Amino acid sequence: MKQMVWVAGAAVLLTGCGLGMNNGRQIPKEGVAAAIQVNLPKASQEAQVVATVYKDGVAQPLVGGDVIQARTAQSLSTLRAEKNLDGHYQGVLAVDHADTPIDVAVNYDDKASSEQRWFASDTLTVSPGPGSLVGYEVTGMRLPPEIYLSAPMANTVYRDMSDTVELHWDPLALGHQVRLTAAVSCVAAGLPFSYGLSFDLGKETDTTTGSYSLRMNKLVTAVPVVVALRKVLDYLSLYASQQMLGQGNFLAILGSLPKSDNEINKCDVDLTLIREQENTLPPAFSGGYAITSRSDTVRVQYVQQ
């Protein structure tokens, strides 16, 4: 099992620079590559979409009328930059049926081109036209089967760092990757702080039990383990979880960490179990990955005795 802690802003997390890898997923240093995740939470008809297109290992900000769009047969969503010109995009896509195919593409929007001009439209009206990335697309992505967390129960309170958190779900022996993310918001000595964790639970096989346990001190800690973020592209699941929760920035440690676990008074821990499915990139891409996923979230609490 791999555990990772996110300690920088989303713009840094989404910067692969040709070094990114996660369980064999890599962003090559040459050619055009993509990093995409589409996540549909339990009982929702809105999927979170995050996407980055790379050229020669560098995330590409889209200018003029070039946009990244996600679509189904019934809906279309233009993704927005997380930060201006950082090359990383996110949005929400309406999904009426979980079995509907999903496409993500770089398209040209002439209206967006006019809106983004840096010159006065009455003095110069020449459109820059589509960029070189327009036309790159991943089509027909399919979501994996839904995943349900049967344990722990929502609002379960744990009062000791040695308490065991038991997770249970119905496993499928279909080779899907399962991941656990934790968005942790705490108060220590009256001061708030927050961070995010990601745990790789491996692939579901015919021996998968659908259970996983960890102690509370693996979730709630004053000393998160720092990882080399520029060499890890495990951000996607946690980033999608953050968009789903719609609160805080769990891609960064916010606030001052306490000196010891004993100073932590209370924490809300949003546990999100994610079932991931790899989708095939077309030959036009030199590498990268397109992940679709389903998730279920439960909030538990740690309250110091």
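Note on segment 152-165: residues that are surrounded by fewer than 13 Cβ atoms within 10 Å (Cβ to Cβ) and either part of a strand (DSSP E or B) or in the same structural domain as Leu76 (by TED's automatic domain parsing) (or both) total 2. The strands (runs of 3 or more DSSP E) found entirely in segment 26-82 that carry 1 or more residues being farther than 17 Å from Val106 by Cα are 32-41, 46-55. For segment 252-286, the set of residues classified as more than 17 Å from Phe199 (Cβ to Cβ), under 19 Å from the mean Cα position of the chain (by Cα) and in a strand (DSSP E or B) consists of Leu254, Gln277, Glu278, Asn279, listed by residue number. Filtering segment 83-114 to residues that are among the polar types (S, T, N, Q), closer than 18 Å to Thr52 by Cβ and assigned to a loop (DSSP other than H, G, I, E, B) leaves only Asn84.
Pick from Ser121, Ser114, Ser75: which is hydroxyl-bearing (Ser, Thr, Tyr), more than 17 Å from the chain's Cα centre (by Cα) and at pLDDT 95 or above? Just a single option satisfies the conditions, and that option is Ser75. Selection within segment 170-217: residues that are over 21 Å from Ile147 (Cα atoms), of a type in the set (A, V, I, L, M) and outside any loop (DSSP other than H, G, I, E, B). The member of this set that is nearest to the chain's Cα centre (by Cα) is Val184.
The values are calculated or read from the model by the stated rules, or taken from the named source; none is laboratory data. The structure displayed is predicted, hence computed values, not measured ones. FYI the Cβ positions are ideal-geometry reconstructions off the backbone, even for glycines, and counts take in every protein chain you see.
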